1. So, in the range B:426-439, how many residues would count as being open to solvent by 60 Å² or more (accessible area, probe 1.4 Å) and over 16 Å from B:CYS168 (Cα atoms)?
2. State yes or no: is B:ALA478 buried (at least 18 other Cβ atoms within 10 Å of the Cβ), in contact with a helix residue (DSSP H, G or I) (Cβ under 9 Å, 6 or more places away or on another chain) and of a type outside the set (Lys, Arg)?
3. Consider only pairs whose beta carbons are under 6 Å apart and that are at least six residues apart or on different chains; among these, list those whose first residue lies in the range A:16-39 and is part of a loop (DSSP other than H, G, I, E, B) and at pLDDT 95 or above and whose second residue is open to solvent by less than 60 Å² (accessible area, probe 1.4 Å) and aromatic (Phe, Trp, Tyr).
4. Name the residues in the range B:266-323 that are more than 30 Å from the chain's Cα centre (by Cα) and on the phi > 0 side of the Ramachandran plot, would you?
5. So which residues in the range A:118-133 are touching a residue at least 60 places away in the same chain (Cβ under 8 Å), within 8 Å of chain B (Cβ to nearest Cβ) and assigned to a loop (DSSP other than H, G, I, E, B), if there are any at all?
6. Looking at the structure I just gave you, is B:ARG367 within 18 Å of the chain's Cα centre (by Cα) and either assigned to a loop (DSSP other than H, G, I, E, B) or surrounded by 24 or more Cβ atoms within 10 Å (Cβ to Cβ) (or both)?
7. Give, as residue ranges, the helices (runs of 4 or more DSSP H) completely inside the range B:423-497 that count at least 1 residues that are within 25 Å of the chain's Cα centre (by Cα).
8. How many residues does the range B:170-182 hold that are in contact with a Lys or Arg (Cβ under 9 Å, 6 or more places away or on another chain) and either surrounded by 24 or more Cβ atoms within 10 Å (Cβ to Cβ) or more than 13 Å from every other protein chain (Cβ to nearest Cβ) (or both)?
Amino acid sequence: MSERVYQLEVLRYHPETDSEPHFQRYSVSCEEEWVVLDALNRIKETIDPTLSYRWSCHMAVCGSCGMMINGEPMLACKSFLRDYQGVIRVEPLAHFPIERDLVTVIDDFMDKFKRVKPYLIPKHEKPVSEGEYLQSPAQLKKFKQYTMCINCMLCYAACPEYGLIPKFLGPAAISMAHRYNQDSRDGGRDERQEEIATTEGVWECSFVGACSEVCPEHVDPASALQQVKIKSTVDWYKEHLMPWVKK
Amino acid sequence: METIKTDVAIIGAGGAGLRAAIALAEADPKLSVALISKVYPMRSHTCAAEGGAAGVIKPDDSMDYHFNDTVGGGDWLSDQDAVEYFIQEAPKELTQLEHWGCPWSREANGSVAVRPFGGMKKQRTWFAADKSGFHILHTLFQTSLRFPSIQRFDEYYATDLIVDDGRCQGFTAIEMRSGQMKHFQAGAVIIAGGGAGRMFPFTTNGAVKTGDGMALAYRAGVPLKDMEFVQYHPTGLPNTGTLLTEACRGEGGILVNKNGRRFLQDYGMGPETPVGKPQLKTMELGPRDRVSQAFWQEQKKGNMVSTKWGDCMMLDLRHLGEKKIDERLPLVRDVSVSYLGVDPVTDPVPVRPVVHYMMGGIHTDIRAATPLPGLFAAGECACVSINGANRLGSNSLTELLVFGRRAGLSAAEYVRSGASAGNDAALAGKAAAAQARIRALFEKTGGRESLAGLRKEMMTTMEDNAGIYRTEGELLAACAKLADLRRRYADIELNDKTNVYNTDLLQALELGSMLDCAEAVTVSALERRESRGAHQRLDFVERDDKKFLRHSLAYYHPSGPPRIDYRDVVITKSQPGVRDYSGDHK
């Protein structure tokens with residue numbers, strides 16, 4: 001194993017003492033196979049215990065350590081030092097208020113996520129004693145990729161629309177609504193549609209596709225949003241041009 | 001200090017805490033539930049569980065088989081009444097999750113699919129590819145959003161239980177965002193705070209797993225049970241400790257030494273089975289304790305592959321083929337390629353045993369109740385015990401569902417049984433004392449010890465002296481060292497003396513939890529002079545049912561080692577016998 005010194009430029013902001021954010025440069029010795037999170041941990045342990053950031057699993061599944069690395073939304077635990085040259089700039093996720101240093105305030109996401117009713121609203125209720133709902137592998141495949149969202153919010157940091165129009169529900173929340181809408185066991189689409197087929201919902205998306213590019217789990221939120229748009233359009237035509245057809 | 005009054009408060013919002021909250025909300029929507037966690041629920045470590053959750057569902061399986069596998073797997077230290085309850089409830093809980101939308105992998109006919117797992121005689125492990133824990137956690141979290149009676153307090157760190165009038169009536173917690181202390185006054189408290197694997201340096205456990213829930217109960221006088229039993233998972237990536245699920249072997253992966261020999265056949269888990277045709281309960285589908293111990297023995301013989309991260313065995317999945325690996329083990333492939341640069345489709349992956357799970361924890365009964373009235377516990381932080389001396393893979397995800405729900409129901413019953421209202425003044429006084437304790441740590445100056453330094457010493461001590469095989473000499477050294485570290489902990493000075501999201505303070509408190517739990521591990525291990533399950537003594541190599549067919553109970557002492565007591569194992573129908581993993585060859 002070989003170590004070398006890396007330069008990290010980390011955004012610091014402390015609401016009790018700073019009027020505005022500033023950058024702090026750290027030179028830290030790291031192993032070449034490490035990720036940016038390892039470098040931050042080394043800094044915190046050996047150089048600056050006051051540096052604050054979130055992390056836990058170190059395997060890209062808990063979604064805690066989303067941050068901007070050289071301007072790109074990334075998971076720090078899956079950003080390899082070997083992929084960067086020169087100074088590595090680390091900032092909190094874009095489009096969210098900074099709570100402190102690399103820690104952001106995510107209340108907005110948590111509220112929006114809840115608003116889309118991200119839970120199964122059964123088409124046919126049945127008691128547990130009657131066993132599982134049957135679901136073929138093909139039916140599972142229709143929504144499985146949208147279940148992979150780890151709520152890391154990289155897609156919100158990448159989304160230009162969310163940056164401009166904070167009311168936009170955003171990629172992860174709409175994808176999760178779509179996930180349940182596509183589930184063969186679910187009958188809750190109409191309820192969710194009230195939230196997502198509004199101007200603050202899916203119609204704010206201009207299909208830049210940045211959300212899908214940064215998604216570490218290949219959820220492809222952009223495809224979910226496009227499918228929701230198409231289905232919402234069909235709803236609209238049915239309602240306005242063919243009111244006799246039931247949705 | 002602000003006081004928040006609630007009927008039931010839950011500490012920890014991982015699988016067990018969320019399941020408890022939902023059970024409470026369903027049992028009685030009028031009960032107010034405060035769900036407190038030091039992280040957002042989605043960040044809890046349940047998300048990292050990969051392989052699946054066990055529950056009897058297929059026609060060739062039976063409750064008796066699951067019972068026998070679990071009790072034998074636990075080397076007869078499990079309480080059999082608890083195991084019976086667990087086995088019966090397991091399929092109901094897994095089906096309930098299905099009804100809540102969990103994307104379980106399916107058979108062609110649409111029924112839920114199951115896979116083989118270590119130590120299990122039949123295929124009974126429900127799975128969602130190799131992200132089963134992740135999907136269970138997110139299904140529970142998302143389902144919890146339906147219930148208005150559940151109020152979440154995300155990123156609150158609980159510091160002290162408040163015990164008055166002989167019962168638990170709440171706790172104090174720091175709101176990370178403001179740094180303010182809050183007093184949660186509750187009719188009942190459920191601890192679902194997870195394990196404590198971070199006391200070891202090489203672990204699959206995320207940063208959050210620091211034993212806080214265990215330490216809360218322990219300091220309040222509730223014993224920690226069977227803490228000497230620490231599970232090493234056989235297959236972790238050698239550099240990061242990242243878990244490669246046991247499902248790798250369930251799907252047919254094999255373990256070989258440097259000579260290419262499937263060495264498990266030399267440690268009571270043979271004879272060899274055909275490659276790619278895994279046979280249940282033998283060879284690579286032996287239990288975790290036996291496989292990790294075989295690694296250690298083989299390493300001593302110099303049969304392991306030397307790598308820059310230490311000695312490794314090789315996990316060979318190549319014969320499964322790319323399609324099956326991508327379908328059944330996509331995360332395994334991803335983390336192997338990303339973190340180690342090895343693609344299991346084309347190359348064997350070097351792996352070594354890694355600290356994974358605490359069988360021990362807060363002493364509870366079959367109702368998830370602790371001996372302290374008003375306090376309940378569930379999940380990895382608790383010890384019912386169904387896992388005994390060695391947990392079988394895929395029993396823990398089911399356990400957090402079964403006993404998470406049970407804890408919720410027991411707390412609801414307790415609250416509705418009408419305990420008298422608390423004495424507000426007395427409770428406020430105790431909350432103020434807890435606040436003073438934190439403030440003293442926060443404000444202390446002139447301290448000579450560093451948080452990172454003590455933490456490192458603790459981890460090294462545990463790895464060197466309390467690993468897969470143990471001796472009296474090493475354990476004595478570990479106990480002395482931990483006693484010393486606990487003393488020195490009082491001399492820590494924080495570098496960060498601000499209020500907002502102070503992770504220096506948080507980590508100092510977490511270290512305090514880990515030191516207390518670590519001492520309970522080593523003292524319990526020292527006193528258990530036998531070898532059973534995951535606790536192996538080189539100086540007492542046999543299982544000793546005459547003296548040690550008993551649970552250890554460690555009682556906290558503020559300035560000295562814990563007092564160790566014992567409690568008989570509950571046996572209903574299975575007398576201690578021989579653990580047989582020879583695939584019926586004997």
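1. Counting residues in the range B:426-439 that are open to solvent by 60 Å² or more (accessible area, probe 1.4 Å) and over 16 Å from B:CYS168 (Cα atoms) gives 2.
2. Details: buried (at least 18 other Cβ atoms within 10 Å of the Cβ): yes; in contact with a helix residue (DSSP H, G or I) (Cβ under 9 Å, 6 or more places away or on another chain): yes; of a type outside the set (Lys, Arg): yes.
Yes, satisfied.
3. From residues that are part of a loop (DSSP other than H, G, I, E, B) and at pLDDT 95 or above, the pairs are A:PRO21/A:TYR13.
4. B:GLY276, B:GLY302, B:GLY321
5. Here is the first cut: in the range A:118-133, the residues touching a residue at least 60 places away in the same chain (Cβ under 8 Å) are A:118-124.
Then keep just the ones that are within 8 Å of chain B (Cβ to nearest Cβ); that gives A:118-120, A:122.
Matches in the range A:118-133: A:PRO118, A:TYR119, A:LEU120.
6. Working: within 18 Å of the chain's Cα centre (by Cα): no; either assigned to a loop (DSSP other than H, G, I, E, B) or surrounded by 24 or more Cβ atoms within 10 Å (Cβ to Cβ) (or both): yes.
Considered against the rule, which asks whether it is within 18 Å of the chain's Cα centre (by Cα) and either assigned to a loop (DSSP other than H, G, I, E, B) or surrounded by 24 or more Cβ atoms within 10 Å (Cβ to Cβ) (or both), B:ARG367 comes out as no.
7. Numbers: elements: B:424-443, B:451-465, B:472-489.
By residue number, B:451-465, B:472-489.
8. Number of matching residues: 6.
The values are calculated or read from the model by the stated rules, or taken from the named source; none is laboratory data. The model shown is predicted, which means the values in this text are computed figures rather than measured ones. Methodologically, a virtual Cβ is constructed for each residue, glycine included, from the backbone with ideal geometry; neighbour enumeration extends over all protein chains shown. These accessible areas exclude ligands, DNA and RNA; they are computed on the full protein's heavy atoms, side chains included. Shrake-Rupley method; radii C 1.70, N 1.55, O 1.52, S 1.80 Å.
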